[in-house]
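The next block holds one structure in the form of structure tokens; read it before the comments.
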Amino acid sequence: KDVKKTLENGSNLLVHAPTGMGKTIATLGPALKYAIDNNKTVFFLTSRHTQHLLAVKTLKDIKDKFNLKINCCDIIGKKWMCLQPNAEKMNSNEFGEYCKALKEDGLCSYFNGLKNKGLPSEKFKSTFIKLEELMPADTETINQISKNSKLCPYEMAVSLAKESNVVIADYNYIFNDNIRENFFVRTEKNLENSILIIDEG
């Protein structure tokens, strides 16, 4: 009831309760319904991998119980989704430059496969449909399906986010100005039309 009232009033709510009490479902359930009814996006922000998985599981339970189509994207840092060998060993700045250079020079086959003559490739379209059918899916699933198709998992996740009611993400997707602005431009979302659930706030 508190979450529902908060959403309707456009106000803020700080919740403290013991582990296992059901905070995730108590916030995500009403937020999802409100988002669907009012054309908004829920951002479930967490820094822990286990909480990403719990949020995805909660959405799967809601989907199964109510027979709902839930568009959801689970996304982490680009470096951690990259399929290039040893990408995760670079620091963030090094990886940013490396990724940019590979794309600009046309040397990333995972990125190149996304488009054909400037338009979404057939491989991209079929992989996107496959991922949509699996929604809600965690990052590992997005990575594996993208890897099987030899496509960039991060770019696939961003494409999914554009169509999503719920985005499960690390804190920096909202609290880092540069990342947020870039992400919002690419997904055609904005802060004013978002509901934020901040895990371990």
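The values are calculated or read from the model by the stated rules, or taken from the named source; none is laboratory data. Small disclaimer: the values here were computed from a predicted structure and weren't measured. Positions of Cβ are backbone-derived with ideal geometry, glycine not excepted, and every protein chain shown enters the neighbour counts. Ligands, DNA and RNA are excluded from the accessible area calculation, which covers all protein heavy atoms including side chains. Shrake-Rupley method; radii C 1.70, N 1.55, O 1.52, S 1.80 Å.
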As a check on your grasp of the helix formula, calculate [θ] at 222 nm for the chain: sum -39500 (n - 2.57) over DSSP H runs of n ≥ 4, divide by the residue count, round to the nearest 500.
-16500 deg cm²/dmol
Between Asn93 and Phe175, Cβ-based FRET efficiency (R0 30 Å, step 0.05) works out to 0.95
Quick one, which of [x] 10.3; [y] 12.6; [z] 11.9 is the actual mean projected area of the Cα convex hull in nm² calculated for this model?
[z]
Once phi is turned into θ = phi - 60°, what whole-Hz ³J(HN,Hα) does the Karplus curve with 6.51, -1.76 and 1.60 give for every residue of the stretch 81-86, x standing for Gly and Pro?
9, 5, 8, 5, x, 6
Spin-label point model (7 Å from Cα, Cβ direction): what's the Ser11 to Lys57 distance in nm?
3.3 nm
For the stretch 1-127, what % of the accessible area comes from carbon and sulfur atoms, probe 1.4 Å?
54 percent
Under the Karplus relation with 6.51, -1.76 and 1.60 and θ = phi - 60°, whole-Hz ³J(HN,Hα) for the stretch 153-168, x at Gly and Pro, equal x, 5, 5, 5, 5, 5, 5, 5, 4, 4, 9, 8, 7, 10, 10, 9
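If you roll a 1.4 Å probe over the heavy atoms of the protein chains, what accessible area per residue do you get for the chain, in Å²? Working shown, then result.
Numbers: 11870 Å² over 201 residues.
Dividing the accessible area of the chain by its residue count gives 59 Å².
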What's the center-to-center distance, using Cα atoms, between the stretch 135-201 and the stretch 9-81 in Å?
13 Å
With labels modelled as points extended 7 Å from the Cα through the Cβ direction, what inter-label distance (nm, one decimal) is found for Trp80 paired with Thr141?
1.8 nm
Taking placed amide H atoms and a strict 5 Å upper bound, the residues 5 or more places from Val42 or on another chain that come that close are Val166, Val167, Ile195
Please tell me which of these pairs span more than 31 angstrom C-alpha to C-alpha: Lys4/Lys150; Lys33/Lys125; Lys57/Lys79; Lys4/Lys57; Lys40/Lys117?
Lys4/Lys150; Lys40/Lys117
